1. Within region 8-43, track down each residue that is part of a loop (DSSP other than H, G, I, E, B), of a type in the set (D, E, K, R) and at pLDDT 90 or above.
2. Which of the residues that make up region 44-53 are part of a strand (DSSP E or B) and either among the charged types (D, E, K, R) or touching a Phe, Trp or Tyr at 6+ places or on another chain (Cβ under 8 Å) (or both)?
3. Under 8 Å by Cβ, and 6 or more places apart or on different chains, what pairs join a residue from region 61-74 that is over 11 Å from L24 (Cα atoms) with one that is of a type in the set (G, A, S)?
4. Which residues, counting only those in region 69-94, are at pLDDT below 95 and either among the polar types (S, T, N, Q) or within 14 Å of I37 (Cβ to Cβ) (or both)?
Amino acid sequence: MNSTTLMHVTDSDAALQQEVVNYLNGPEFPTLLGVTIRVVDGVVTLSGEVRSYYARQVLVHACRRMTRVAEVNDELRVANRNRHENSYPTRFAE
């Protein structure tokens with residue numbers, strides 16, 4: 001993807017937003033429950049909460065792979081980051 005291609009995008013932000021939502025609603029991606037997707041001038045902003053850092057990374061990377069997305073702003077937060085810290089035994093527990 002190059003800047004020349006991005007400057008010639010003629011679809012509206014609303015159409016691109018719907019395309020992003022449809023793409024991310026695929027079975028290979030984490031749930032979008034709690035995620036807001038906004039598009040302004042081809043720039044996708046993801047905000048809200050996801051369940052894990054992995055889910056955050058997957059959603060952001062998927063948007064960046066889309067050819068008509070100019071940029072991705074990651075404003076996602078990971079919910080209950082400490083929830084799993086005590087779920088798994090560790091060697092170094094005090």
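The values are calculated or read from the model by the stated rules, or taken from the named source; none is laboratory data. Computed from a predicted structure; not experimentally measured. Positions of Cβ are generated from backbone atoms using ideal geometry, with glycine treated the same way; all protein chains shown enter the neighbour counts.
1. E28, D41 - these are the residues of region 8-43 that are part of a loop (DSSP other than H, G, I, E, B), of a type in the set (D, E, K, R) and at pLDDT 90 or above.
2. E49 - this is the single residue of region 44-53 that is part of a strand (DSSP E or B) and either among the charged types (D, E, K, R) or touching a Phe, Trp or Tyr at 6+ places or on another chain (Cβ under 8 Å) (or both).
3. R68/G42; V69/G42; A70/G42; E71/G42
4. Result: N80, N82, N86, S87, T90.
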